[in-house]
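Structure, as structure tokens:
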Amino acid sequence: MFSRRGFLGSAAALAGASAVSGRTAAAAIPEAATMDSAVMQPPLYPSNGPDYQPVVTLNGWTLPWRMNGDWKEFHLVAEPVVREIAPGMKAHLWGYNGQSPGPTIECVEGDKVRIFVTNKLPENTTVHWHGMLLPNGMDGVGGVTQPHIKPGKTFVYEFVMQKSGTFMYHPHSDEMVQMAMGMMGFFVVHPRDPAFMRVDRDFVFLLNAFDIDPGAYVPKIMTMLEFNLWTWNSRAFPGIDHLVVRQGDRVRIRFGNLTMTNHPIHMHGYHFAVTCTDGGWVPESARWPETSIDVGVGAMRAFEFVADVPGDWAIHCHKSHHTMNAMGHGVKTFIGVPQRDTVKTIQRLASPDYMAMGSAGMGEMGEMEMPMPDNTLPMMTGFGQFGPIEMGGMFSVVKVREGLDRNDYKDPGWYQHPPGTVAYEYTDPVPEAPSRKSDAAPKPGEVEVQVVKPRGKSHKH
Ligand SMILES: [Cu+2]
């Protein structure tokens with residue numbers, strides 16, 4: 001799904017998309033591949049140098065390179081892009097080579113890497129290689145280690161990959177705006193020894209967040225905390241790829257956090273160990289078992305497990321507001337509040353379409369068809385084999401299956417549970433259980449709380 005375009009980038013060059021431009025060679029700059037799809041692309045297997053297991057980028061792709069002598073050359077183009085956040089919603093973001101995040105860059109420890117960065121944004125940019133050990137002047141901090149890259153200009157970064165590990169790239173030029181607009185990408189350096197830290201499947205994604213008003217297309221760049229789209233690789237559930245795994249595989253999942261808050265990433269069904277951060281590999285003696293790992297702002301984590309138990313195992317941020325799509329946070333709590341009379345009054349006086357929500361929680365929204373502005377994702381959505389999933393945001397599923405082919409990432413569908421292994425409704429008579437219900441309820445006047453009361457006068461304080 002990716003095409004190639006000439007570096008000189010005229011409309012004519014774009015029209016001849018899949019041909020390698022002759023002018024590219026003349027300009028001694030590698031063609032800049034571009035991607036028009038938010039679908040996970042097949043991993044890019046190494047064509048030269050040491051062997052490695054390439055990573056798979058959720059809803060993303062890996063940037064092709066070319067060898068020029070003993071230099072590995074890449075070409076990033078910073079530019080406005082249209083990214084599908086999930087089916088039914090597109091956002092106007094800034095990114096690299098056609099998508100946000102940009103393509104994953106993969107290379108090998110010891111590689112000499114040359115990265116061309118062309119700026120097609122309406123303002124200055126730079127690229128910072130987060131976590132990498134490199135000469136100071138290649139660090140990409142505008143004004144500090146280099147001049148900003150002006151619109152229309154191309155800069156070159158050259159450095160040797162000193163360590164293998166888990167890294168990312170992002171601007172260090174108007175960075176608040178540029179990261180809020182989606183500019184970032186993953187950078188993986190594989191070990192020179194193909195046997196070191198080898199896994200069978202290696203998934204990568206970046207945590208990002210956007211604040212896009214219902215019906216709008218452009219993120220609000222001044223938002224600090226109240227984002228309404230919590231995303232992995234600029235995708236929200238149900239738009240995030242499932243992580244398809246062959247039973248018995250050793251699996252690594254790597255992620256980096258470029259949002260404005262921490263995210264405890266929780267995976268069901270397994271105990272895993274953190275094996276890598278953006279500071280390097282974690283020695284075996286320093287690892288401990290976990291089921292959630294909190295990834296701080298500007299930090300990266302990679303964890304590993306052996307996928308020995310088949311199933312559809314949820315993987316998600318454990319901050320429950322981060323597994324929701326666009327929602328208001330100023331909504332009052334109505335659990336336990338009878339709203340029938342209030343609704344009738346509001347329908348009569350103001351809005352005949354008014355609906356009451358939340359007397360028994362919000363789960364009912366998972367199946368509800370509510371009128372919404374165009375280009376807006378429901379707060380909770382998605383269907384599984386047993387009904388509505390009632391999720392959004394940072395949520396996906398690790399699908400562990402017996403008998404898949406090596407490197408087969410195709411969606412195998414929902415897990416077929418062996419008979420007798422699914423929680424079920426109990427239909428025999430239920431003996432009365434002791435309950436504290438009646439004496440647990442507060443008596444009038446016993447508890448003083450401010451709640452929304454549907455009728456009567458409120459207490460004086
Ligand atoms: Cu979170």
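May I ask you to list the residues in the range 90-106 that are crowded, with 22+ Cβ neighbours inside 10 Å and in a strand (DSSP E or B)?
Just the residues of the range 90-106 that are crowded, with 22+ Cβ neighbours inside 10 Å, to begin with: 91, 93-106.
Within the range 90-106, Ala91, Leu93, Trp94, Gly95, Tyr96, Gln99, Thr104, Ile105, Glu106 meet the criteria.
For beta carbons closer than 7 Å, sequence separation of 6+ or different chains, a first residue in the range 305-326 that is on the phi < 0 side of the Ramachandran plot and a second that is more than 9 Å from the ligand (Cβ to nearest atom) and among the basic types (Lys, Arg), the qualifying pairs are Val306/Arg250; Pro310/Arg401; Asp312/Lys399.
Within the range 186-205, being in a strand (DSSP E or B) and aliphatic (A, V, I, L, M) holds for Val188, Val189, Val204.
Residues in the range 368-409 that are on the phi < 0 side of the Ramachandran plot, surrounded by fewer than 16 Cβ atoms within 10 Å (Cβ to Cβ) and of a type outside the set (Asp, Glu): 10 in all. Highlighted here are the strands (runs of 3 or more DSSP E) found entirely within the range 206-299 that include at least 1 residues which are within 14 Å of the ligand (Cβ to nearest atom): 229-232, 250-257, 263-267, 292-295.
Residue-wise test of (1) of a type in the set (A, V, I, L, M, F, W, C); (2) modelled with pLDDT of 95 or more; (3) in the same structural domain as Asp200 (by TED's automatic domain parsing).
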position: Lys399; (1), (2), (3): no, yes, no
position: Leu404; (1), (2), (3): yes, yes, no
position: Pro442; (1), (2), (3): no, no, no
position: Gly445; (1), (2), (3): no, no, no
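Here is the figure for the range 102-153: residues that are of a type in the set (Lys, Arg) and touching a Phe, Trp or Tyr at 6+ places or on another chain (Cβ under 8 Å) total 2.
In this structure, does Phe272 turn out to be closer than 23 Å to Arg246 by Cβ and either at pLDDT 95 or above or not aliphatic (A, V, I, L, M) (or both)? So that I can check it myself, show each step before the final result.
Working: closer than 23 Å to Arg246 by Cβ: yes; either at pLDDT 95 or above or not aliphatic (A, V, I, L, M) (or both): yes.
Answer is yes for this residue.
Specify which of the listed residues (Met365, Met370, Met355) is aliphatic (A, V, I, L, M), under 30 Å from Leu229 (Cβ atoms), at pLDDT below 65 and outside any loop (DSSP other than H, G, I, E, B). First the steps, then the outcome.
On the way: Met370 fails: outside any loop (DSSP other than H, G, I, E, B); Met355 fails: outside any loop (DSSP other than H, G, I, E, B).
When all the criteria are applied, what remains is Met365.
The values are calculated or read from the model by the stated rules, or taken from the named source; none is laboratory data. Computed from a predicted model, the values in this text were never measured in an experiment. Cβ: placed from backbone, ideal geometry, glycine included. Neighbour counts: every protein chain shown.
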